[in-house]
Amino acid sequence: MPKISTRPVCDIRCENMTIAAILLTALLAVPAVGQAALAAGAPLGHFAWGGRHRVLPTAQRIGSVITIPIYAVIALIALDRAGLIDVVADSISTAGTWVIFGYFVLGTAMNAISRSKPERYAMTPTALALAVLALLVGLG
C-alpha cells in the first residue's frame, strides 16, 4: 500500500525549498569530488584541511574519505526535507536541516580564517552558498 504523505500541497515556498534542496545537493557534489581526489592523493591539499600539505598525509586522507558519506547524508536529509524522497521521519529531516545549516555556517567561518588563500577564496564562498541553501531548505 502506498505511503500517504502528510505534507501540504506544494506552493511557491515549497517550490523554493525544492529548488534549494536540489541546488544544495548539486553544489555539494563539488567538495565531495574534491575530497575524493584528496583521498586519492591529488595535489590539491592547499584547498582543504588548512592548506598545509599539497598532498595530504594519511590521517587527513582518511578524514577526506569519511567526509564523503557525511556529504551523502546531508544531501539525503535536504532532499527528504524538501519532500523529494522519503527516507527519514519528517521530524528528523527538519531538525537535521538545522544541524546542517549550523555545520555549513561553522564551515564558512573555518574556511574564512584558513591560512591558505586558495582554501579561503574557493571554499569560503562554497560553504556560504551551502549554508544559505540549507537555510532555505530549513525555512521551507
Checklist outcome for this item: When segment 30-48 is checked residue by residue, the ones that are of a type in the set (A, V, I, L, M, F, W, C) and touching a residue at least 40 places away in the same chain (Cβ under 8 Å) are 30, 32, 47, 48
Item to check | Members of segment 63-105 found to be surrounded by 18 or more Cβ atoms within 10 Å (Cβ to Cβ), touching a residue at least 60 places away in the same chain (Cβ under 8 Å) and in contact with a Lys or Arg (Cβ under 9 Å, 6 or more places away or on another chain), listed by number | outcome: 83
Checklist outcome for this item: Condition set part of a loop (DSSP other than H, G, I, E, B) and of a type outside the set (Lys, Arg), scope segment 43-70, selection nearest to residue 108 (Cα to Cα): answer is 48
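Every residue, every condition in (1) within 25 Å of residue 17 (Cβ to Cβ); (2) in contact with a helix residue (DSSP H, G or I) (Cβ under 6 Å, 6 or more places away or on another chain); (3) acidic (Asp, Glu); (4) modelled with pLDDT of 95 or more, yes or no:
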position: 47; (1), (2), (3), (4): no, yes, no, no
position: 52; (1), (2), (3), (4): no, no, no, no
position: 69; (1), (2), (3), (4): yes, no, no, yes
position: 84; (1), (2), (3), (4): yes, no, no, no
position: 113; (1), (2), (3), (4): no, no, no, yes
Next on the checklist: Condition first: surrounded by 14 or more Cβ atoms within 10 Å (Cβ to Cβ), assigned to a loop (DSSP other than H, G, I, E, B), within 22 Å of the chain's Cα centre (by Cα) and at pLDDT below 95. Can you find one or more residues in segment 14-35 that meet it?
Outcome noted: no
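The values are calculated or read from the model by the stated rules, or taken from the named source; none is laboratory data. Remember, it's a predicted structure, so these values are computed and weren't measured experimentally. Here Cβ is always computed from backbone atoms with ideal geometry, including for glycine, and neighbour counts include all displayed protein chains.
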